Amino acid sequence: MCTRNQSLLCGLQISVEPQATVDRLKESGLLRTQGLIGGKWIDAYDGKTIQVQNPATGDVIATVPCMGRNETTNAISSAYNTFSSWSKLTASERSKCLRKWYDLIISHKEDLALLITLEQGKPLKESLGEVSYGAAFIEFFAEEAKRIYGDIIAPTIDDRRFRRGQTSKPVGVVGAITPWNFPLAMITRKVGPALACGCTVVVKPSEYTPLTALAAAELALQAGIPPGALNVVMGNASDIGDTLLESTQVRKITFTGSTAVGKKLMAGSASTVKKISLELGGNAPCIVFDDADLDVAVKGSLAAKFRNSGQTCVCANRILVQEGIYEKFANAFAKAVQALQVGNGLIEGTVQGPLINEAALEKVETIVEDATAKGADVVTGGKRHSLGMTFYEPTVLGNVNKEMLIFRQEVFGPVAPLMRFTTEEEAIQMANDTNAGRVEIMCYNTCADFILAFGGIITYTGLAAYIFTTSMPRSWRVSEALEYGLVGVNEGLISTEVAPFGGFKQSGLGREGSKYGMDEYLEIKYVCLGNLKGI
């Protein structure tokens, strides 16, 4: 039986005393507190540091370097120098390194999950799920490394042959800028295919959650991934980002974050014509039709909305409910939301952790206040949680309309807005209406000031959408009509390493995961063999 200061989850006994958990991580060798450049652990050259805090308690977990231009420049040079040797290894050799990295991540699953919960706040059960999900990308791309094929193209002239080849042409050095909400999975989803293709990488994790990135890098070194192939710098986001953009040695930028910051990176990549892939903001609709199975719809909508306290880019941001089922769904959904246990992610039974920081909490408050001022009903929740810190009550708002900020902005918190619709055509129109108006509020990735306001920005997003219906014809019709890159039908958790992840419109460019994720890190070369009769 657990004591007051213990949590027992999945056979893992964890102390919720801050120092005890930190001591455990130190003993595991995974609590790294320096940047990684060329296989060496280093401090910031000017001695500046950043405190990494536990959002559930406010405790300082560790202090890490606040790096900038000089450290990033050296990390790029290290990656560039290593590229020639790493890219010339056989696919099989790279695959074996990645497979060993996967094995090490799995063998350290509990400690990595603990680290994620400490610095990000999500419940330990979710953190364990993230480790499995993140590791799956390494396993998948370790296998895909051996499946980079070219094509032989039918000739149009008798003495010529055409070949499209990819095998030995990785794009080069990659700059990967990753967010705080999935501090492991968003790294492995980018670094896995990059290394598999023969690229080398400079990772810039969020300053809010650098410890997980450093732990993953430590395991990569142990797996035999050579020094310089994977480098990690953290600190001044603008200085690091600008250095990556300006460098002619960096040939690709991959980023997960807000649409506003993605646009800046896209513009900054133009001067050196870098290849880019961007996984940007979303405003996901969740459509519940009259013919939906109520239990399935409630369970699926709950998962789509409240995972990671609503802090995911594919969270349901607008729950559209058809008139005939609205009251039944609203009552059942609110009851399920009221049962969600809020607390420190290390405590057994917790399913809702804190928001990442005070700025995120204030944003949620602003959006809820706007909705209620314009006529929305607070069905449940609607305010800061009595636990204090950055906890917010799981909230359901009823009778939300298009005039409210929450219809057009990612709330990025545990707030579910319910809206009525009458016809299928109306639901599709509402779902596809993602004009974010004149202000995009949230920069949820790596910016030191965290909340940015951009006047005059019009954002049309199309990342994820959800449908609940028992009609197969309707599921096909609506799925095809929705302008989104990901659609879940009767399912709220849709991400997997084997399927392409990415959005339409201003939700991004390119795809991550699946075999298509490899294409983002490869250059296609065409070779024409002529005068074959004379050979």
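Some observations on this one:
- Of Lys275/Lys305; Lys274/Lys525; Lys125/Lys305; Lys40/Lys275; Lys169/Lys274; Lys146/Lys525, those spanning more than 22 Å from alpha-carbon to alpha-carbon: Lys275/Lys305; Lys40/Lys275
- Using C-alpha pairs below 8 Å separated by at least 6 residues, the relative contact order for segment 18-279 is 26 percent.
- Relative to one another, the C-alpha centroids of segment 111-150 and segment 307-368 are positioned 24 Å apart.
- Remark: segment 207-224, residue by residue, has Karplus-estimated 3J(HN,Hα) of 5, 7, 9, x, 5, 5, 4, 5, 5, 5, 5, 4, 5, 5, 4, 4, 6, x Hz, where x stands for each Gly or Pro and the curve is 6.51 cos²θ - 1.76 cosθ + 1.60 at θ = phi - 60°.
- In this structure Trp476 has an accessible area near 150 Å², from a 1.4 Å probe over the protein heavy atoms.
- Percent accessible area from carbon and sulfur atoms, the chain, protein chains only, probe 1.4 Å: 52 percent
- Cα long-axis angle, helix 69-88 against the chain (0 to 90 degrees, to the nearest 10): 60 degrees
- Restricted to Cα atoms, the chain shows a radius of gyration and a Dmax of 23.6, 84 angstrom.
- Angle in degrees between helix 124-144 and the longest Cα principal axis of the chain, rounded to the nearest 10: 30 degrees
- Per-residue HN-Hα couplings for segment 106-111 [Karplus 6.51, -1.76, 1.60; θ = phi - 60°; Hz; x = Gly/Pro]: 5, 5, 10, 4, 5, 5
- Relative contact order of segment 70-143: 36 percent, from C-alpha pairs under 8 Å at least 6 residues apart in sequence.
- Ordering 102-115, 138-151 by mean Cβ neighbour count within 10 Å, with the highest value first, yields 102-115, 138-151.
- Based on protein heavy atoms only, segment 18-279 ends up with 35 Å² per residue of surface accessible to a 1.4 Å probe.
- Largest accessible area first, the residues Arg94, Arg511 order themselves as Arg511, Arg94 under a 1.4 Å probe with ligands, DNA and RNA left out.
- Net charge of the neighbourhood of Gly502, taken over other residues with C-beta under 15 Å away and scored Lys/Arg +1, Asp/Glu -1, is 0.
- Charge sum, other residues only, whose C-beta stays under 13 Å from Glu218's C-beta, Lys/Arg counted +1 and Asp/Glu -1: +2
- Sequence-separation-based contact order of segment 285-501, relative, with Cα cut under 8 Å and 6+ spacing, percent: 24 percent
- At R0 = 35 Å, FRET efficiency that the Cβ-Cβ distance of Ser107 and Lys515 yields, to 0.05: 0.80
- The local environment of Gly492, defined by Cβ-Cβ distances under 12 Å, has a net charge of +2 under the rule Lys, Arg +1 and Asp, Glu -1.
- Expressed to the nearest 5 percent, the antiparallel share of DSSP beta bridges inside segment 18-279 is 40 percent.
The values are calculated or read from the model by the stated rules, or taken from the named source; none is laboratory data. Quick caveat, the model's predicted, so the values are computed rather than measured. For neighbour counting, all protein chains shown are included, and Cβ atoms are generated from backbone atoms with ideal geometry for every residue, glycine included. With ligands, DNA and RNA removed, areas are computed over all heavy atoms of the protein, side chains included. Shrake-Rupley method; radii C 1.70, N 1.55, O 1.52, S 1.80 Å.
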